[in-house]
Every structure is written in structure tokens, then in C-alpha cells.
1. Kindly check whether there is at least one residue in region 102-118 that is within 23 Å of A159 (Cβ to Cβ) and of a type in the set (D, E, K, R).
2. What's the number of the condition G27 fails, among (1) within 11 Å of the ligand (Cβ to nearest atom); (2) modelled with pLDDT of 95 or more; (3) of a type outside the set (A, V, I, L, M, F, W, C); (4) within 24 Å of H154 (Cα to Cα)?
3. Looking at V5, is it within 28 Å of A159 (Cβ to Cβ), among the aliphatic types (A, V, I, L, M) and surrounded by fewer than 22 Cβ atoms within 10 Å (Cβ to Cβ)?
4. Find all pairs meeting these conditions: Cβ atoms under 8 angstrom apart; at least six residues apart or on different chains; first residue within region 120-142 and closer than 17 Å to E3 by Cβ and open to solvent by less than 30 Å² (accessible area, probe 1.4 Å); second residue among the β-branched types (V, I, T) and assigned to a loop (DSSP other than H, G, I, E, B).
5. So L50 fits all but one of (1) under 24 Å from A130 (Cα atoms); (2) more than 8 Å from the ligand (Cβ to nearest atom); (3) in contact (Cβ under 8 Å) with a residue 24 or more places away in the chain; what number is the exception?
6. Scanning region 143-166 for residues that are more than 11 Å from the ligand (Cβ to nearest atom) and assigned to a loop (DSSP other than H, G, I, E, B), which turns out surrounded by the fewest Cβ atoms within 10 Å (Cβ to Cβ)?
7. Any chance you could count how many residues in region 40-83 are open to solvent by 40 Å² or more (accessible area, probe 1.4 Å) and among the hydrophobic types (A, V, I, L, M, F, W, C)?
8. Would region 111-121 turn up any residue that is away from the ligand (no atom under 13 Å from the Cβ) and aliphatic (A, V, I, L, M)?
Amino acid sequence: MIELVRGDITEQEVDAIVNAANSSLLGGGGVDGAIHRAGGPEILAECRRLGGCETGDAKATTGGRLPARYVIHTVGPVWRGGGEGEMELLASAHRRSLELAAELGVLSVAFPAISTGVYGYPVELAAPVAVAAVREAMAPPVELVRFVLFSEEHLRAFARALAAVD
Ligand code: AR6
């Protein structure tokens, strides 16, 4: 099942939350900053041992003080106009996050709108890619994927994308 909520991903009572990180995995602003602030220093200490992450890939840590047991750190593409493989890299970030979630044995995963903040991917274009990638890659034991959208505009874009495939 795929569901949409407007809210803060750090407050989600799910098994794993996905972080829209950068390739250093050493923290940043946006959702990344919020996750490290809420989860505490243990997450960053684990991230330091991971040696970074390529765009389109994902790596996991524990959730520190978060309600979620794990944080899956993925790196979405920086938007450069759409001709630099952004769509495939965004799909890959979702796919790899779900593969990792399945390896961790989790049932529920929350995603933010990866790449649509600092990285500049227009949400109208990102939402259909994210929804399609999750529909394709979602596999047992994962049974719930929740997109947690920070603004009404993002929520509407994801609702349109989900309605188009349902
Ligand atoms: N819960 C849910 N969504 C949030 C939250 C939150 N607490 N905070 C922000 N968002 P961004 P990116 C939304 O910029 O574009 C970082 O510095 C936000 O409104 O966090 O992938 C990293 O270290 C937007 O819709 O991630 C990287 O350097 C979405 O999350 C870079 O930003 C993603 O925005 C990654 O950029």
C-alpha cells in the first residue's frame, strides 16, 4: 500500500525513514538536518563509518532517538534540466532504498520528496517518477510506503501522480 501524508518525516511511527542526503552522508540542511537533529549524534557517528554514498544508491543506519528503527540514507540527483539522467537516478534512489528496506526486514517505510528541495527537482516531475519507482520496487516484507510531504504543493503533486497510476 502507498499512502500520502502531509507532515514531518522525523515524527513518523514506521520501521524505517528515508533521508534525502548528499553523497558525503555527513549531514546538511532540509530533511537531512531535521533527521540528524531529531535522531541525535549516533546517526552521524554511524554515517562517518559508511564512507559516503553515490547518487542513486542508499545506505542504512539505526534510527538513533527517532521512533523509526532505521534511517535509510539515499542521494537523489541535483536537477540540471532533465537531460543528465536525473529521472533514472531519482528512480534508482527509491529502488535502492526499498531493496535495503527489504534486506533489513522492515514492513513500513516513509519517504520524503527526494531531490525536490535544495536539489531543485521540480516536484511536478519528481512525483510521478517517485510513485512509479516505488510501485515497481515495493516487495515483501515491505507492505507500506508512506510519502511524507512537507507542503500542500508537494502533497497535491504526489496525489496527482498517485491518482494517475491507480
Ligand atoms: N519532513 C519531511 N519533509 C521535509 C522535512 C521534514 N522534516 N524537511 C524538509 N522536507 P531537501 P534534496 C522536504 O532539500 O532536495 C540537504 O542539505 C522539503 O520541503 O531536504 O534531496 C542534503 O544534505 C523538500 O520537499 O532534499 C543534501 O545536500 C524535500 O523534503 C540536499 O539537501 C527534500 O528537500 C538534498 O537535497
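1. There is no residue in region 102-118 that is within 23 Å of A159 (Cβ to Cβ) and of a type in the set (D, E, K, R).
2. So G27 meets the others, but not (2).
3. The answer is yes for V5.
4. What qualifies is A130/I114; V142/V106.
5. So L50 meets the others, but not (1).
6. Only one residue tops the list, namely D166.
7. 5
8. No, the conditions are met nowhere in region 111-121.
The values are calculated or read from the model by the stated rules, or taken from the named source; none is laboratory data. Here the structure is a predicted model, which means the values were calculated and not measured. As a convention, Cβ positions derive from the backbone with ideal geometry for all residues, glycine included, and neighbour counts pool all protein chains shown. Only protein heavy atoms, including side chains, enter the accessible area calculation; ligands, DNA and RNA are left aside. Shrake-Rupley method; radii C 1.70, N 1.55, O 1.52, S 1.80 Å.
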